[in-house]
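Visitor: Supplied in structure tokens, the structure appears directly below.
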Amino acid sequence: MKSHTRVVVIGGGIAGCSTLYHLTQEGWSDVVLLERNELTSGTTWHSAAQVTNFGMNQTMVGLKTHSINLYKELRDDADYPVQYNHGDGGIRLANTQAQMDGYRHFASMARGMGVAFEVIDAKECARRHPLISTDNLVGGLWDGNDGDIDPASLCQALARRARKAGAEVYRNTPVTGLTQHKDDSWTVHTDQGDITCEIVVNACGYRVNEVGAMMGVHHPVTSMEHQYFVTEDIPAIAEAGHRMPLLRCPISDYYCRQEKNGLLVGFYEQDCKTWGMDGIDPHFVNALCPDDLDRITDVLEGAFERMPALTEVGIKTIVNGPITYTIDGAPLVGPVPGKRNAFCIIGLRAGLGEGGGHGWMLAQQIVHGEACYDTWCIDPRRFTGHTNVELTALKAIEDYQNEFRFHFPNEHRPAGRMAKTTALTPVLAAEGAEFTVVNGWERAEFFKPTPDFHVTHGFHFDESFPVVAAEVAAVQDAVGLCEVNGFNRFEITGSDARTFLDRMFCGRVTAKPGRVGLGYLLNHHGMLKGEATVANLPASDRGPERIWYGSAAASEFHDMDWLQSHVGADEDVQIASLTNDQTILVLAGPKARAVMQAVSRADWSAAGFPWLSVRECFIGYAPATVMSVSFSGELAYEIHVPNASLYAAYLALRDAGLAQGLRLFGAHAVESMRLEKGYLHWKADILTEFDPFETGLSRFVDMVKPDFIGKAALEKRVAAEPTKQLVTLHLTDDSAPAHGGASVMHGEGVIGTVTSGGYGHRVQKNLAYAFVDAGLAQVGATFDIDRLGQMVPAVIVDPAQYDPHMARVRG
Ligand SMILES: Cc1cc2nc3c(=O)[nH]c(=O)nc-3n(C[C@H](O)[C@H](O)[C@H](O)COP(=O)(O)OP(=O)(O)OC[C@H]3O[C@@H](n4cnc5c(N)ncnc54)[C@H](O)[C@@H]3O)c2cc1C
């Protein structure tokens, strides 16, 4: 065995083999894979190995397309052909119009990635899959690329190609320990000796946390037992003259594909079971869990009803094996939070279909620092600190029970709720708050007008529409109060803090004590990495001069990693997270100033505390740090309060607000108002796939600055023609929003993708943001948006539809 290499990939299932292969493809050949037993001896060997193109967002569709193209190439490799049944097609069934709407949306989204899904009715489903009945069936989503692959030969083929390119694979070499050195390099300890390397990758499937523990981390990954059976031959299959398409059933929770002349049927039963929670037998290798068909009787019935032929054949084989789940159903592919030079590709529950693409995404991140698609939906840093074993298991169970039931917009499921709350959560609940979950935080969406008020989840505007409109009106006409919990906040101190931040931001962010600025962080490719508010707190009895860096609620681990990794060894910069210590109360509306004046002794006049100011003060007797910044487009104050004083500050503001007509408002009202102002959301509209100019943020870039992270790359991009441009669109139809991912059409061609959409209640327009072809991005240009399968005309309008000259914000 080598004693040194650049990357050690631990685990030889599809995740590890794909990563190894793609590292060589990205140009790194001095790489090694260590496998404790034989390749594919974890979950991979017994996988049903269906390969689909379906994804909930464009990154997932794109990486799955990569898998399919790669697998076709491997199938056609004359030297080592892999058995891949590509193109059998597949149907996701639906028995409600709301599910059909979802499929129409996913078809629109995939269209932008060059993938053609079809939404078909029940009759057509049965025509394409002759074994199914149309009882209680509305229709389905057809994916012509669906198929299945032989998992063992796939992994062997990837390992073989990687070896040919210079990689080495050591089988029967269990990793027993990991030691990280001061220079962030690693020693990987194995039964066969040690190997040093720059970077380690955890690709250990259900043993993920054995290797996680070796580096001192716990990954939010749980294993579930998962079963399928294979039937004896079904005569109708042989008679059909074509292979049966795959089936996925959200009505009765099973999937099905052809295996020889029978069917392989897999189940997601409600009475499901976690696996390996108290440790895994070291001898569980190439192994299965005991058969347990009793567990699946509830779902079996649904499969029998849909495919009566199943009742007439015997079962040939039963497979029950561990499959990994995370807390939101998507895997963890990227940097390990809080560690340097450590990556993971874990929590794959559809690893055969997706593994080709995930390995590609990971190898790009390792070699180039970023992948070609924005990988936030699979970034291991998207959960921050609340995902212990119990919470992960609860969410995994819930996810397993709902395997094919996608989340509707604004749907937040019940498991693992109340993970992060503030003293105000029960108070707002008593006021009628309907809560959404933001990175575990319970955040009010809107306030129900009656206790039994109910929203029907779907893709159209729902019953909350007039409720949100009324909250917006209250903010516009008088004053509103909104809790924003979980907002990420770092305190940055040290004599080099200022020069450090100057290097991190692509623009000039104000350094004046008492002032606040907005800035953008780029990666080394000149693309958008982050967005942050920088507030300069003057020295006070609460501490020395310091900087508060504020960013999106889920960005804590991501931004901390990025900032920490750029602090020079000789720089005096300290970054401390205050995220869990403080909560924001937003007071917004023309009467906000009067409320502030009533609860706090300071001078809140426009001259005494102009827009973009920050000061420390008291709200009643609650210590607070107040910033005059606004995401609503109204005069507003962001009141940051230590959690111990949050309720006191809330009571003081509510009492003082009574005289001014204060009303509580929630996240949906904020969303409506920010869309009218042209304000962006990180990871909805601000993506690593676009630079700040394409994203309409040129006013936040200073190309004259001597240097900043990403400047050289940005200069090159500026010299070339821009390809995409973020624009605001006004849809002529008000029955449903344009959801993120929907395609913008020019004739038959896709020229853009929606990033956010919603109703602007103050301007009374159905608005959407979209990246469109730069050459077509002129105000007044009209296109169609493929919204739920309907072509809805939309016109490009100015980004700030409400108060473009900012008179209301300045008050
Ligand atoms: C019944 C069933 C049906 C499925 N059907 C499908 C399907 O139809 N389509 C689909 O896409 N997915 C399916 N899946 C899921 C898919 O099989 C998995 O997502 C995938 O196999 C996971 O691959 P992996 O490489 O992450 O993990 P594994 O295959 O478990 O590989 C991990 C490897 O790491 C090695 N390892 C662990 N610890 C160490 C150590 N300390 N040192 C060295 N090596 C170590 C293990 O030996 C193992 O080989 C199914 C899963 C099950 C259980």
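Visitor: Past the 24 Å Cα-Cα mark, which pairs from Lys164/Lys716; Lys420/Lys591; Lys529/Lys724; Lys72/Lys716; Lys591/Lys683; Lys677/Lys724?
Guide: Violating the 24 Å Cα-Cα cut-off are Lys164/Lys716; Lys420/Lys591; Lys72/Lys716; Lys591/Lys683.
Visitor: Could you order the peptides 150-156, 46-52, 544-550 from most to least packed, using the average number of other C-beta atoms within 10 Å per residue?
Guide: 46-52, 150-156, 544-550
Visitor: Something else: If packing is taken as the mean number of other Cβ atoms within 10 Å per residue, what is the order of 229-236, 677-684, 713-720, highest first?
Guide: Values: 229-236: 17.1, 677-684: 20.1, 713-720: 13.1.
Descending packing order for the listed peptides: 677-684, 229-236, 713-720.
Visitor: In addition: Please report, for the Cα atoms of the range 522-634, the Rg to one decimal and the Dmax as a whole number; what are they, in angstrom?
Guide: Rg then Dmax for the range 522-634, in Å: 16.5, 49.
Visitor: Let me ask something else. Over the chain, give the accessible area per residue in Å² for a 1.4 Å probe, as an integer.
Guide: The answer is 37 Å² per residue.
Visitor: Stokes-Einstein at 25 °C, 0.890 mPa s, Kirkwood radius from Cα pairs: D for the range 298-383 in µm² s⁻¹?
Guide: Values: Rh = 15.5 Å.
The estimated diffusion coefficient comes to 158 µm²/s.
Visitor: Angle, helix 14-25 long axis vs. longest principal axis of the chain, Cα atoms, 0 to 90°, nearest 10?
Guide: 70 degrees
Visitor: Below 8 Å, C-alpha to C-alpha, sequence gap of six or more: please give me the relative contact order for the chain in percent.
Guide: Relative contact order of the chain: 12 percent.
Visitor: Among DSSP beta bridges lying fully in the chain, give the percent that are antiparallel, nearest 5.
Guide: Here the share of antiparallel DSSP bridges comes out near 85 percent.
Visitor: Same structure, new question: Express the relative contact order of the range 692-773 as a whole percentage, based on alpha carbon pairs under 8 Å and six or more residues apart in sequence. Each step should come with its number before you reach the end.
Guide: Numbers: 127 pairs, mean separation 23.9, N = 82.
About 29 percent, as a whole number.
Visitor: I've got another one for you. Using alpha carbons only, what's the Rg to Rh ratio of the range 288-336 with Rh from Kirkwood?
Guide: That ratio equals 1.14.
Visitor: Also: Send over the per residue convex hull volume for the range 57-200, Cα only, as a whole number of Å³.
Guide: So the per-residue Cα hull volume is 194 Å³.
Visitor: Given a 1.4 angstrom probe, I'd like the percentage of the accessible area of the chain that is carbon and sulfur, rounded to a whole number.
Guide: Values: 15260 of 29730 Å².
Roughly 51 percent of what the probe reaches on the chain is carbon or sulfur.
Visitor: Given an 8 Å cut-off on Cα distances and at least 6 residues of separation, report the relative contact order of the range 1-124 as a percent.
Guide: Taking the mean separation of contacting Cα pairs over the length of the range 1-124, I get 18 percent.
Visitor: Let me ask something else. Using only C-alpha positions, report the orientation-averaged shadow area of the convex hull of the chain, nm², one decimal.
Guide: About 33.9 nm², averaged over all directions.
Visitor: Dimensions of the range 325-470 along principal axes (Cα, Å, largest first)?
Guide: Between the extreme Cα coordinates on each principal axis of the range 325-470 lie 54, 33, 28 Å.
Visitor: Using the Kirkwood formula over every pair of different C-alpha atoms, what hydrodynamic radius in Å results for the range 199-283?
Guide: That comes to 16.0 Å for the range 199-283.
Visitor: Would you kindly work out the equivalent ellipsoid of the range 675-811 from its C-alpha gyration tensor and give its semi-axes, the square roots of five times the eigenvalues, largest first in whole Å?
Guide: 27, 20, 12
Visitor: Taking the alpha-carbon set of the range 211-332, what are its Rg and Dmax in Å?
Guide: 16.9, 57
Visitor: If eta is 1.306 mPa s and T is 10 °C, what Stokes-Einstein diffusion coefficient results for the range 537-592, Kirkwood Rh from Cα pairs, in µm²/s?
Guide: After rounding, the answer is 113 µm²/s.
Visitor: For the range 680-770, what proportion of DSSP beta bridges, expressed in % and rounded to the nearest 5, is antiparallel?
Guide: 95 percent
Visitor: A further question on this structure: From the alpha carbon gyration tensor of the range 425-477, can you work out the equivalent ellipsoid semi-axes (sqrt of 5 times each eigenvalue) and give them in Å, largest to smallest?
Guide: 17, 15, 12
Visitor: A follow-up question, please. Whenever you get a sec, line up Val509, Val333 from highest to lowest accessible area (probe 1.4 Å, protein heavy atoms).
Guide: Sorted by accessible area, descending: Val509, Val333.
Visitor: Further, regarding this structure: Can you tell me what the convex hull of the Cα atoms of the range 625-724 projects to on average, as an area in nm²?
Guide: 9.4 nm²
Visitor: Taking the Cβ-Cβ separation of Asn172 and Tyr80 as r and a Förster radius of 22 Å, what is the calculated FRET efficiency to the nearest 0.05?
Guide: So the FRET efficiency works out to roughly 0.50.
Visitor: A follow-up question, please. Rg to Rh for the range 106-191: what is it, with Cα atoms only and Rh by Kirkwood?
Guide: Result: Rg/Rh = 1.28.
Visitor: With n ≥ 4 as the cut-off for DSSP H runs, can you work out [θ] at 222 nm for the chain, using -39500 (n - 2.57) per run divided by the number of residues, rounded to the nearest 500?
Guide: Dividing the helical sum by the residues of the chain leaves -7500 deg cm²/dmol.
Visitor: From zero outward in steps of 10 Å, how is the percent of C-alpha pairs of the range 1-108 spread across the bins?
Guide: 12, 31, 33, 17, 6, 1
The values are calculated or read from the model by the stated rules, or taken from the named source; none is laboratory data. Nothing here was measured: the structure is a model prediction, and the numbers come from that model. Don't worry about glycine lacking a Cβ; one is built from the backbone with ideal geometry, like all the others, and counts go over all protein chains shown. Calculation scope for accessible area: heavy atoms of the full protein, side chains included, ligands and nucleic acids excluded. Shrake-Rupley method; radii C 1.70, N 1.55, O 1.52, S 1.80 Å.
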